[in-house]
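A short write-up of the structure that comes next.
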Amino acid sequence: MEDATGAVTPVSSLERLDAAAVAAVHEASIHVVESIGVQLGHERARTIVEEHGGTVHGDGVVTVPRDVIEDTVARAPAAFDLHGRNQATTVTVGDGSPVRAPAYGPANVLTFEDGRRPARLSDYERLLKLAQVEDAVTCTGYGLCEPTDVDEAEKHYEMLARALELTDQPLMGPTYGADRARESLEMVGIAVGVEDLQRPYVAGLINTVPPRRIGEAMLGGLLTYAEHGQPLIVSSFTMAGASGPPTLASSLALTNAENLVGIALAQMVNPGTPVVYGAPTATVDGRYGSLSIGSPEAALFAAFGAQMARYYGLPSRGGGALTDAKAVDYQAGFESTFLQTVSHLADHDFVLNAAGVLESYATISPEKFVLDCETIGYLDRFASGFDLATADFRLEDLADVEPGGYFADDDARSGQPFYHADVVDKRSYDAWRDDGTRSAFELAAERVDERLAAYEQPTLPPERAQHLDAYVAERR
């Protein structure tokens, strides 16, 4: 649709709930928080809630009055800057432009050459380099995969150190336990040269444990990040039909209640701590008992989550390129594109798992990574539209070409070149056949090699690199 000036209007946010429905979700969640409660597995967290007007029950369940929840959640900012080691890569979370981070937590890697296998540290390094060179990715993330060839006690050192050395974008860090969270903040401080982290440099993912529980380790991470003013992505990973009720409404109320408690706790610790509201809620396929993240219901939850975040005046987290497919195939393509599009149209501010995901979070593929980045390119081009207010209709060109004639594809004459895909094949059938009838998976493997060849490691000042290496070596 065009406005009075001839400019194409922005795409409206995808909203599947009306105002009454959003208010109903809030009321149901407040009932959970006030009357049923959420179990906090961390003594200090329970004490903080009690000091702010909540009640601690014998089993570690806390209940919190409505006014306390609403007042504390309101202290969180609607937007914030997440700084990169290179300040030119700094992004704003909540300004209307989605920040995108790759997959988080897959234990396996699938490649065109090797098939599926356990992830290794070398895979993690390759994925970091892809995150650095792909324009679609604007936050490196943290757990792009979970390497299985490094000791669990040292894994967070090895992974975060590589993220800090091989990329200079904003990033995420480990949150599982207060000690691990503190060490991650110290490492980031060394790398950026601001050891007290006076502004947001690293975001931490906090996952609740539905139904109605936040574990001790995650709460330790939440408290540590909040104390240092570092952003928290608070997400209830409810599985409707398993860890959540088998109805969308009940699971959404549960998701929202757990998020409200986590967000409120962060504000009790440090008012103004940046938070992102996450609702990666999905379903369980009752036929197989398996998690389904590439479903229409997962897309509905993505839209619902964005609306609830806007209701509270908070940035939101979306799911991105999610699929239950086991291979880079048609299922992976249509599910990922569907979920990615819904996240985009729902106006999520932070898209985690934006690239590479397969097998319900269990696997990442470098080839799917670059294909998902291509999808993002399509979505961004669609969102940019075109401006008819300043367009030259070039009516003389219409007169120059005879009826039934042909217009040359001339970028210089068009003024706005058409989008050219980097990965998929747009040639004629004969040209594709003569070039070996290669699939999108095979073309993506070539694209991965091309992007890795284009990678240049960003500079880390020698004194910081030495300090970081010494920090990690001491703790090994």
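The values are calculated or read from the model by the stated rules, or taken from the named source; none is laboratory data. Computed from a predicted structure; not experimentally measured. Reconstructed Cβ throughout: ideal geometry from the backbone, glycine too, with neighbour counts over all protein chains shown. Note: areas computed on protein heavy atoms with side chains; ligands, DNA, RNA excluded. Shrake-Rupley method; radii C 1.70, N 1.55, O 1.52, S 1.80 Å.
Being farther than 17 Å from Pro417 by Cβ and aromatic (Phe, Trp, Tyr) is the filter; apply it to the stretch 366-401 and report the residue that is modelled with the highest pLDDT.
Phe369
Take the stretch 125-145 and flag every residue that is part of a loop (DSSP other than H, G, I, E, B), open to solvent by 10 Å² or more (accessible area, probe 1.4 Å) and either acidic (Asp, Glu) or out of contact with any strand residue (DSSP E or B) (no Cβ under 7 Å at 6 or more places or on another chain) (or both). Before the answer, list the steps.
Taking the stretch 125-145 and keeping what is part of a loop (DSSP other than H, G, I, E, B), we get 134-145.
So of that shortlist, the ones also open to solvent by 10 Å² or more (accessible area, probe 1.4 Å) come out as 134-136, 138, 142.
Passing the criteria: Glu134, Asp135.
Got at least one residue in the stretch 133-142 being within 17 Å of the chain's Cα centre (by Cα), without any contact (Cβ under 8 Å) to a residue 40 or more places away in the chain and within 18 Å of Gly221 (Cβ to Cβ)?
Checking the stretch 133-142: not a single residue is within 17 Å of the chain's Cα centre (by Cα), without any contact (Cβ under 8 Å) to a residue 40 or more places away in the chain and within 18 Å of Gly221 (Cβ to Cβ).
Is it true that some residue in the stretch 428-450 is loosely packed, with under 13 Cβ neighbours inside 10 Å, in a helix (DSSP H, G or I) and in contact (Cβ under 8 Å) with a residue 40 or more places away in the chain?
Checked the stretch 428-450: no residue is loosely packed, with under 13 Cβ neighbours inside 10 Å, in a helix (DSSP H, G or I) and in contact (Cβ under 8 Å) with a residue 40 or more places away in the chain.
Condition check ((1) small (Gly, Ala, Ser); (2) assigned to a helix (DSSP H, G or I); (3) under 14 Å from Gly84 (Cα atoms); (4) free of Cβ contacts under 8 Å to residues at least 12 places away in the same chain) across all residues:
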residue: Met172; (1), (2), (3), (4): no, no, yes, no
residue: Val188; (1), (2), (3), (4): no, yes, yes, no
residue: Gly204; (1), (2), (3), (4): yes, no, no, no
residue: Pro211; (1), (2), (3), (4): no, no, no, no
residue: Thr224; (1), (2), (3), (4): no, yes, no, no
residue: Ile233; (1), (2), (3), (4): no, no, no, no
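Working only within the stretch 84-109, note down all residues that are small (Gly, Ala, Ser) and either surrounded by fewer than 24 Cβ atoms within 10 Å (Cβ to Cβ) or not in a loop (DSSP other than H, G, I, E, B) (or both).
Pass one, the stretch 84-109, residues small (Gly, Ala, Ser): 84, 88, 94, 96-97, 101, 103, 105, 107.
Hits for the stretch 84-109 are Gly84, Ala88, Gly94, Gly96, Ser97, Gly105, Ala107.
Looking at the structure I just gave you, is Glu183 open to solvent by less than 50 Å² (accessible area, probe 1.4 Å), farther than 17 Å from Thr138 by Cβ, under 22 Å from the mean Cα position of the chain (by Cα) and modelled with pLDDT of 95 or more? Even if it seems obvious, please write down each step before you answer.
Values: open to solvent by less than 50 Å² (accessible area, probe 1.4 Å): yes; farther than 17 Å from Thr138 by Cβ: yes; under 22 Å from the mean Cα position of the chain (by Cα): no; modelled with pLDDT of 95 or more: yes.
In short, no.
So Arg287 ticks every box in (1) among the charged types (D, E, K, R); (2) open to solvent by 40 Å² or more (accessible area, probe 1.4 Å); (3) touching a residue at least 24 places away in the same chain (Cβ under 8 Å); (4) in a loop (DSSP other than H, G, I, E, B) but one. Which box is left unticked?
Here Arg287 clears every test but (3).
Considering the stretch 262-277 alone, what residues qualify as being out of contact with any helix residue (DSSP H, G or I) (no Cβ under 7 Å at 6 or more places or on another chain) and buried (at least 24 other Cβ atoms within 10 Å of the Cβ)? Spell out the reasoning first.
We begin by selecting, within the stretch 262-277, every residue out of contact with any helix residue (DSSP H, G or I) (no Cβ under 7 Å at 6 or more places or on another chain); these are 271-272, 274, 276.
Scanning the stretch 262-277 gives Pro274, Val276.
Is there a residue in the stretch 21-32 that is open to solvent by 40 Å² or more (accessible area, probe 1.4 Å), modelled with pLDDT of 90 or more, over 30 Å from Asp387 (Cβ atoms) and outside any helix (DSSP H, G or I)?
No; the residues of the stretch 21-32 include none that is open to solvent by 40 Å² or more (accessible area, probe 1.4 Å), modelled with pLDDT of 90 or more, over 30 Å from Asp387 (Cβ atoms) and outside any helix (DSSP H, G or I).
Quick check on the stretch 71-79. Is at least one of its residues farther than 27 Å from Val351 by Cβ and either touching a residue at least 12 places away in the same chain (Cβ under 8 Å) or open to solvent by 60 Å² or more (accessible area, probe 1.4 Å) (or both)?
The first filter runs over the stretch 71-79 and keeps only residues farther than 27 Å from Val351 by Cβ, leaving 71.
Retained after the next criterion (residues that are either touching a residue at least 12 places away in the same chain (Cβ under 8 Å) or open to solvent by 60 Å² or more (accessible area, probe 1.4 Å) (or both)): 71.
Yes: one or more hits.
Let me confirm something: among Ala257, Ala299, Ala266, Ala306, which residue is assigned to a helix (DSSP H, G or I), touching a His at 6+ places or on another chain (Cβ under 6 Å) and either without any contact (Cβ under 8 Å) to a residue 12 or more places away in the chain or within 30 Å of Pro200 (Cβ to Cβ) (or both)?
Numbers: Ala257 fails: touching a His at 6+ places or on another chain (Cβ under 6 Å); Ala299 fails: touching a His at 6+ places or on another chain (Cβ under 6 Å); Ala266 fails: touching a His at 6+ places or on another chain (Cβ under 6 Å).
Being assigned to a helix (DSSP H, G or I), touching a His at 6+ places or on another chain (Cβ under 6 Å) and either without any contact (Cβ under 8 Å) to a residue 12 or more places away in the chain or within 30 Å of Pro200 (Cβ to Cβ) (or both) holds for just one of Ala257, Ala299, Ala266, Ala306, which is Ala306.
List every residue pair whose Cβ atoms lie under 7 Å apart, where the two residues are 6 or more positions apart in sequence or sit on different chains, the first residue falls within the stretch 402-420 and is farther than 27 Å from Ile376 by Cα and open to solvent by 90 Å² or more (accessible area, probe 1.4 Å), and the second residue, located anywhere, is at pLDDT below 65 and assigned to a helix (DSSP H, G or I).
Partner pairs satisfying both residue conditions: none exist.
Looking only at the stretch 348-400, how many residues end up being among the aliphatic types (A, V, I, L, M) and open to solvent by 10 Å² or more (accessible area, probe 1.4 Å)? Can you show your working first?
At the first step, the residues of the stretch 348-400 found to be among the aliphatic types (A, V, I, L, M) are 351-352, 354-355, 357-358, 362, 364, 370-371, 376, 379, 383, 388-389, 391, 395, 398-399.
Next cut, open to solvent by 10 Å² or more (accessible area, probe 1.4 Å) only: 362, 371, 379, 383, 388-389, 391, 395, 398-399.
So the count comes out to 10.
Which of the residues spanning the stretch 219-260 are farther than 19 Å from Tyr142 by Cβ, surrounded by fewer than 22 Cβ atoms within 10 Å (Cβ to Cβ) and hydrophobic (A, V, I, L, M, F, W, C)?
Met239, Ala242, Leu248, Ala249 - these are the residues of the stretch 219-260 that are farther than 19 Å from Tyr142 by Cβ, surrounded by fewer than 22 Cβ atoms within 10 Å (Cβ to Cβ) and hydrophobic (A, V, I, L, M, F, W, C).
Select from the stretch 210-265 the residues that are of a type in the set (A, V, I, L, M), modelled with pLDDT of 95 or more and more than 20 Å from the chain's Cα centre (by Cα) and list them in ascending order.
Ile214, Ala217, Leu219, Leu223, Ala253, Leu254, Ala257, Val261, Ala264, Leu265
For the stretch 146-176, enumerate the residues that are within 12 Å of Leu468 (Cβ to Cβ) and crowded, with 23+ Cβ neighbours inside 10 Å.
Those that are within 12 Å of Leu468 (Cβ to Cβ) and crowded, with 23+ Cβ neighbours inside 10 Å: Tyr157, Leu160, Ala163, Leu164.
Each row is one residue, and each column tells you yes or no for (1) within 24 Å of Ala217 (Cα to Cα); (2) open to solvent by 30 Å² or more (accessible area, probe 1.4 Å).
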site: Leu17; (1), (2): no, yes
site: Gly37; (1), (2): yes, no
site: Glu43; (1), (2): yes, yes
site: His52; (1), (2): yes, yes
site: His57; (1), (2): yes, yes
site: Val62; (1), (2): yes, no
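Kindly provide the set of residues from the stretch 96-124 that are in contact with a strand residue (DSSP E or B) (Cβ under 9 Å, 6 or more places away or on another chain) and either more than 30 Å from Pro366 (Cβ to Cβ) or modelled with pLDDT under 95 (or both), ordered by number.
Within the stretch 96-124, Ser97 is the sole residue that qualifies.
Can you report the number of residues in the stretch 330-347 which are open to solvent by 10 Å² or more (accessible area, probe 1.4 Å) and not aromatic (Phe, Trp, Tyr)?
Applying the first criterion (open to solvent by 10 Å² or more (accessible area, probe 1.4 Å)) to the stretch 330-347 yields 330-331, 333-335, 337-338, 341-342, 344-345, 347.
In the following step, the residues that additionally are not aromatic (Phe, Trp, Tyr) were identified as 331, 333, 335, 337, 341-342, 344-345, 347.
Qualifying residue count, the stretch 330-347: 9.
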